[in-house]
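Read the structure below first, then the notes.
The values are calculated or read from the model by the stated rules, or taken from the named source; none is laboratory data. All of these numbers come straight from a predicted model, not from anything done at the bench. Heads up, the Cβs are rebuilt from the backbone with ideal geometry, glycines too, and the neighbour counts pull from every protein chain shown. Note: accessible area is taken over every heavy atom of the protein model, side chains too, but ligands, DNA and RNA are not part of it. Shrake-Rupley method; radii C 1.70, N 1.55, O 1.52, S 1.80 Å.
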Amino acid sequence: MATATAAQTAEPGPESGALPNVSRDELLKFYREMLLIRRFEEKAGQLYGMGLIGGFCHLYIGQEAVVVGLEAAAEEGDKRVTSYRDHGHMLACGMDAKGVMAELTGREGGYSKGKGGSMHMFSKERHFYGGHGIVAAQVPIGAGLAFADKYQGNGRVTFTYFGDGAANQGQVYETYNMAQLWQLPVVFVIENNQYAMGTSVKRSTMSRTYWERGAAYGIAGEEVDGMDVLAVKAAGERAVEHCRSGQGPYILEVKTYRYRGHSMSDPAKYRTREEVQKMKDERDPIEHVRSILLTGNHASEDDLKAIDREIKEIVNEAAEFSKESPEPDVSELWTDIVA
Ligand SMILES: Cc1ncc(C[n+]2csc(CCOP(=O)(O)OP(=O)(O)O)c2C)c(N)n1
Ligand SMILES: [Mg+2]
């Protein structure tokens, strides 16, 4: 059973002097990618408020380091599948911001031609298998993807993301059992953001070290600081190495926090403003990287401002596209249907 913690990996990297196990370019890339997710989500929130996005919309703000860190540990061809809180995963695996935003507004230019919306987007090219609205339903799907890879012997790994709430679902444990029995190359990523809708983890289980539940099935795993992108990447590399070398599944319980409500319609009565503010002030994943870059003189305020401008432009263009792209034609009602 692996119990390594992220702190063990914080040695200076060879090319970066004072930087912990990372190059300047990679750190700037993390900053850029996390900022893209945050600004994209803020814009999605605005468009929702303007009535341009229908249905549900679950924002990923606060959790950016999870997916950016894990994508840095992935290789081309690796797969990912997640829940309805999925915009960040799509952007981090290289899907186009325009196509994601246009799907949110239900337009033809969206990844599901405007017929799926926020929770139902896919990209076979980027190996992104959704976007699933039924809590934990993506977990057996992730194992199925990994089964296909093992069968084909292609060396690929699947990242299967789910929440702390989903982690209490029965199908997760049936999946653990089969994944370990068949030694499937799947990383189970529990994004523990401490709440399932309005229910705190303290009110939903007495067994709150979710990753340790894998022990019942013989699955190795560890807990990771999900507000630290470098810790996430390091843990992701251990997980991927475990899976790719044929040792079966691995569990990462990534401790994170969502700043916004569960969805856009959340009364937010289950936690205090102070609790949220404290996380933003003390643990923000983007500020963390920003501070490493600035205090170590690896980037200047101007360098970071230039990235901010570039991201703003990408997001504004995506928003424009999502308003200008036409609604799907009525004939589309009869396409993409399995009967
Ligand atoms: C099977 C099922 N039960 C209930 C719901 C309603 N529901 C939607 S999200 C959610 C909470 C899940 O929380 P968690 O797994 O922690 O993910 P998070 O929203 O925090 O990312 C619930 C109960 C659902 N979509 N599917
Ligand atoms: Mg949760």
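Could you sort 158-169, 91-102 so that the peptide with the highest average Cβ count within 10 Å comes first and the rest follow in order?
On the way: 158-169: 24.7, 91-102: 21.9.
Output ranking for 158-169, 91-102: 158-169, 91-102.
Just for the Cα atoms in the range 191-303, what are the lengths along the principal axes, largest first, rounded to whole Å?
47, 40, 21
Taking θ = phi - 60°, what integer Hz values does the Karplus form 6.51 cos²θ - 1.76 cosθ + 1.60 yield along the range 228-235, in sequence order, with x for Gly and Pro?
Calculated HN-Hα couplings, in order: 10, 4, 6, 5, 5, 4, 4, 5 Hz.
Which lysines have a Cα lying under 19 Å from the Cα of residue 79, excluding residues fewer than 8 positions away in the same chain?
124, 150, 233
Name the long-range amide H neighbours of residue 159: under 5 Å, sequence gap of 5 or more, or other chain; modelled H, no Pro or chain starts.
Those qualifying (amide H under 5 Å, at least 5 residues apart or on another chain) are 79, 80, 81, 187.
Normalising by the residue count of the chain, find the relative contact order in percent from Cα pairs under 8 Å and 6+ residues apart. The partial results should precede the final answer.
Numbers: 664 pairs, mean separation 81.9, N = 339.
So the answer I get is 24 percent.
Once neighbouring chains are kept in place and the probe is 1.4 Å, which whole percent of the accessible area of the chain is contributed by carbon and sulfur?
Values: 8020 of 15230 Å².
That share works out to 53 percent.
So how do 314, 337 rank on accessible area, 1.4 Å probe, biggest first, that is with the largest at the start? The partial results should precede the final answer.
Working: 314 55, 337 100 Å².
From most exposed to least exposed: 337, 314.
Based on the alpha carbon coordinates of the chain, what radius of gyration and maximum Cα-Cα distance (Dmax) apply, in Å?
Every Cα atom of the chain included, Rg and Dmax give 19.5, 59 Å.
If you roll a 1.4 Å probe over the heavy atoms of the protein chains, what accessible area per residue do you get for the range 29-321, in Å²?
Working: 11870 Å² over 293 residues.
On a per-residue basis, 41 Å².
Let me spell out the model: positive unit charges on the Cβ of Lys and Arg, negative unit charges on the Cβ of Asp and Glu, origin at the Cα centre of the chain. What dipole size does that give, in debye rounded to 20? Kindly include the intermediate steps, with their values, before the conclusion.
Numbers: 38 positive and 49 negative charges, 185 e Å.
With Lys and Arg at +1 and Asp and Glu at -1, about 900 debye.
Could you sort out which of 113/323; 29/312; 29/255; 202/269 sit more than 20 Å apart by Cα distance in this structure? Each step should come with its number before you reach the end.
Working: 113/323 14 Å; 29/312 16 Å; 29/255 22 Å; 202/269 16 Å.
Violating the 20 Å Cα-Cα cut-off are 29/255.
Amide H to amide H under 5 Å from residue 193: which residues, 5+ apart in sequence or cross-chain, H placed 1.01 Å off N in plane?
164, 256
Could you give the length gained on full extension between residue 152 and residue 338, defined as 0.36 nm per residue of separation minus the Cα-Cα distance, in nm? Mind dumping the intermediate values first?
Details: separation 186, 0.36 × 186 = 66.96 nm, distance 2.55 nm.
Stretched out fully, the residue 152 to residue 338 stretch lengthens by 64.4 nm.
Quick check: the distance between the Cα centres of the range 46-60 and the range 270-339, to the nearest angstrom?
Using only Cα atoms, the two centres lie 14 Å from each other.
Not counting the cut sites, what is the longest span of the chain without GluC sites (Glu not before Pro) that DSSP labels loop and that have at most 15 other Cβ atoms within 10 Å? Kindly include the intermediate steps, with their values, before the conclusion.
On the way: sites that count: 15, 75, 76, 108, 125.
Within the chain, the longest run free of exposed GluC sites (Glu not before Pro) spans 126-339.
Strictly greater than 14 Å: what percent of every Cα pair in the range 38-124 meets that? Working shown, then result.
Details: 2285 of 3741 pairs.
That fraction is 61 percent.
HN-Hα J couplings of the range 51-66 from phi, Karplus 6.51/-1.76/1.60, θ = phi - 60°, integer Hz, Gly and Pro as x?
Per-residue couplings from phi come out as x, 8, 10, x, x, 8, 7, 10, 8, 9, 4, x, 9, 4, 5, 5 Hz.
What do you reckon, how do 147, 40 stack up by accessible area (1.4 Å probe), largest on top? Intermediate results must be reported in sequence, preceding the final value.
On the way: 147 95, 40 0 Å².
My answer, sorted largest first, is 147, 40.
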